[in-house]
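A quick write-up on the structure given underneath.
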Amino acid sequence: MIRCELYTPRCDWSVTVFFAINEYWTDEIMEELWYLGIDAQNAKRAYENLSSGELNTGLCYSNYQKRKSVVVISKTTTADELFNSTLHEFKHLSSHIAKACDLEETGEEIAYATGELAHDMWKHVKHLFCDHCRCKTKHNHYGREN
């Protein structure tokens, strides 16, 4: 698992991103979600998703008052699935930030803010986006051991 702490001063928003997770990390991620004030219904859905051990899944939860989000990307079958899951969850993230900060969802300001977060995240996870690099690790991010 890779954990990234991101921040965009443009919107004064913090994001904790968990990459390449499996069911082992459920409790740690649930603690983050409880800290953000997740409601019982969403917590149940998140717990079921996280503890399932399924590949190619993710979630995004935000607390608008705290200006903080948690984004989770499970282990994926391929690098392109990781890219797809990341874009999917960052779209949710972008929508949450835009709504909370009263920004036009299709506007430049939210595009820059989301880009800043993605830029800061890249150095932590760039190796996950290459199938060749992913295959070099003992426990690769396809969910199986080499």
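Restricting attention to the range 100-129, the residues that are at pLDDT 90 or above and more than 18 Å from Thr16 (Cβ to Cβ) add up to 13.
Restricting to the range 47-83, name every residue that is touching a helix residue (DSSP H, G or I) at 6+ places or on another chain (Cβ under 6 Å) and small (Gly, Ala, Ser). Correct list: Ser51, Gly53, Gly58, Ser62, Ser69, Ala79. All conditions but one from (1) hydrophobic (A, V, I, L, M, F, W, C); (2) farther than 17 Å from Cys4 by Cβ; (3) open to solvent by less than 90 Å² (accessible area, probe 1.4 Å) apply to Leu93; the one that does not is (2). Once the range 16-30 is narrowed to residues that are of a type outside the set (D, E, K, R) and in a helix (DSSP H, G or I), the residue that is surrounded by the most Cβ atoms within 10 Å (Cβ to Cβ) is Ile29. Scanning the range 3-15 for residues that are part of a strand (DSSP E or B) and either open to solvent by less than 30 Å² (accessible area, probe 1.4 Å) or on the phi > 0 side of the Ramachandran plot (or both) yields Cys4, Leu6, Thr8, Trp13, Val15. Within the range 4-25, the set of residues being within 29 Å of Thr78 (Cβ to Cβ) and under 14 Å from the mean Cα position of the chain (by Cα) comprises Cys4, Glu5, Leu6, Val15, Thr16, Val17, Phe18, Phe19, Ala20, Ile21, Asn22, Trp25. Set side by side, the residues Leu33, Leu50, Leu55, Leu59 differ, and just one is part of a loop (DSSP other than H, G, I, E, B) and of a type outside the set (Val, Ile, Thr), which is Leu55.
Of all residues in the range 38-67, those being open to solvent by 30 Å² or more (accessible area, probe 1.4 Å) and closer than 23 Å to Leu103 by Cα number 5.
The values are calculated or read from the model by the stated rules, or taken from the named source; none is laboratory data. Just so it is clear, the structure is predicted and the values come from calculations on it, not from any experiment. Here Cβ is always computed from backbone atoms with ideal geometry, including for glycine, and neighbour counts include all displayed protein chains. The protein model used for the area step is the full one, side chains on, heavy atoms only, and it has no ligands, DNA or RNA in it. Shrake-Rupley method; radii C 1.70, N 1.55, O 1.52, S 1.80 Å.
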